[in-house]
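Everything on this sheet refers to the single structure shown next.
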Amino acid sequence: MKGTWDLSEEKFNSEDLRAIMERLLGPGGCPWDRAQTHESIRKNLIEEAYETVDAIDTGDPDRIKDELGDVLLQVYFHAAMAERDGTFSLDDVADNICRKLISRHSHIFGSDHADSPEAVLSVWEKNKMLEKNQSTFTQTLHDVPVGLPALMRSEKIQKRAAKSGFDWPDAGGAREKIDEELGEVDQELISDGKPLYNKVDPEKEPDRFSRLESEIGDLFFAAVNYARLLGVDPEVALNGANERFTRRFSLMEEEAKQRGTELDSMSLEEMDGLWEYAKEREHRHEDR
């Protein structure tokens, strides 16, 4: 392997990346890199994965390539640290994933049959349960990582539970469940026979706050279920809503300045008017 690298090199490859990481983590290497652990850089992997997703959403191949490189660095970084510490190597990582791909694609490398994407997923899940010695559906639910974003984890839990047959026949039942859960949220807000839509202080009313938090959690869970049964990825849908809100808010503020005023000096009714203006302007742009 190389000991030095020249940026005029025509093309680097994965072996160069492996050698660079070994150099950085080796004796006399980079003090910062050598001080890291799996735990200290764990969030970097999450951040790089999200930046890659963002790049994919732009459709820009150069951005996707760049962000995938950052994800690949994280894989090599963790593997190089492990190899230095004598726990496992990059080859062990590759061996594991090769075995997993062969085992779970038993319709390609074994005797199972699957002639549709849905059938392939069924074979994959069956083989996954066998690999992990899971004999109950509950075990598969516990296997969903706690560190996932809550919406994504909720959807995965629901999908795995649905494999037992515990699922609505269509989205109608899930839609009714949203109304039911919203009603239970409202019940926690009732005071003197009327719902008061104010914040509940967790210090002054800890029990009530805990119940409210639980009911709102059930409401979100029901909304994720509804999206899932309609074939909509809730994480993607919410990210889209976040982007739309940001764009429209920016248009609101821009228009307010054009009118010689600031948002924080306007009434709620005036801001609602600007919000409708921003939506209309955005729709006109989309129709072009």
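The values are calculated or read from the model by the stated rules, or taken from the named source; none is laboratory data. Just so it is clear, the model here is predicted, and its values are computed rather than measured. For neighbour counting, all protein chains shown are included, and Cβ atoms are generated from backbone atoms with ideal geometry for every residue, glycine included.
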Qualifying residues in the range 232-288 (those that are aliphatic (A, V, I, L, M) and touching a residue at least 12 places away in the same chain (Cβ under 8 Å)) - the one nearest to A150 (Cα to Cα): L238
Leading residue by the ranking (surrounded by the most Cβ atoms within 10 Å (Cβ to Cβ)) among those in the range 50-79 that are in contact with a Ser or Thr (Cβ under 9 Å, 6 or more places away or on another chain) and among the hydrophobic types (A, V, I, L, M, F, W, C): A79
Which numbered condition F137 misses (of (1) under 22 Å from G231 (Cβ atoms); (2) of a type outside the set (A, V, I, L, M); (3) surrounded by 14 or more Cβ atoms within 10 Å (Cβ to Cβ)): (1)
Neighbours by Cβ (under 8 Å, 6+ apart or cross-chain): first from the range 97-111, of a type in the set (S, T, Y); second not in a helix (DSSP H, G or I): S106/D112
Selection within the range 76-107 - hydroxyl-bearing (S, T, Y) and more than 25 Å from I41 (Cα to Cα): S103, S106
Subset of the range 241-253 that is of a type outside the set (K, R) and surrounded by 13 or more Cβ atoms within 10 Å (Cβ to Cβ) - its residue that is nearest to the chain's Cα centre (by Cα): F249
S122 being out of contact with any Phe, Trp or Tyr (no Cβ under 6 Å at 6 or more places or on another chain), of a type outside the set (D, E, K, R) and surrounded by 11 or more Cβ atoms within 10 Å (Cβ to Cβ): yes
Residue count, the range 189-231 (criterion: out of contact with any Phe, Trp or Tyr (no Cβ under 8 Å at 6 or more places or on another chain), in contact (Cβ under 8 Å) with a residue 24 or more places away in the chain and not hydrophobic (A, V, I, L, M, F, W, C)): 4
Total residues in the range 150-188, condition among the hydrophobic types (A, V, I, L, M, F, W, C) and touching a residue at least 40 places away in the same chain (Cβ under 8 Å): 7
Which listed residue is of a type in the set (G, A, S), more than 22 Å from the chain's Cα centre (by Cα), assigned to a loop (DSSP other than H, G, I, E, B) and modelled with pLDDT of 90 or more, from G172, G165: G165
